[in-house]
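Beneath this line is the structure, given in structure tokens, with notes to follow.
Taken together, the values in this text are just the output of simple stated rules run on the coordinates, not laboratory data. Keep in mind the model is a prediction, meaning the values are calculated, not measured. A quick note on method: Cβ atoms are made from the backbone with ideal geometry, for glycine too, and the neighbour counts reach across all protein chains shown.
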Amino acid sequence: MGEQALDSRRLRVQTGTRTAEPTMKIHCFKSLTKPDTYAFTADTDGTCLPQAIGPWKRFKFIDVDQINPPKIAGPLELILAGIEKDGYYVTSVPIAIVA
């Protein structure tokens, strides 16, 4: 149904399916002041992340593409929508990322 386009990253998210051209890297950060708070962004350095709950430490990145979808136990569509809207997505919900 509805399609959200991440023009600058050329990633399309469609209900029930994901396609990407090319792969998008999402960098995963953890707040050093709020241990259960995580952030996701396409910004390698995390400079766009909210400073009020920082500093942030990058601990991983994930590739989002059609052939090898990310192994993430979390709200991927919400993460992508947050990155599209604000440049980042912050959550205090535990996220599992499988290498």
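Residue by residue, the stretch 32-41 carries 3J(HN,Hα) couplings of 7, 9, 10, x, 9, 10, 10, 9, 10, 7 Hz when phi is fed to the Karplus relation 6.51 cos²θ - 1.76 cosθ + 1.60 (θ = phi - 60°); x denotes Gly or Pro.
Placing dummy labels 7 Å off each Cα toward the beta-carbon, the span from D63 to L78 is 2.7 nm.
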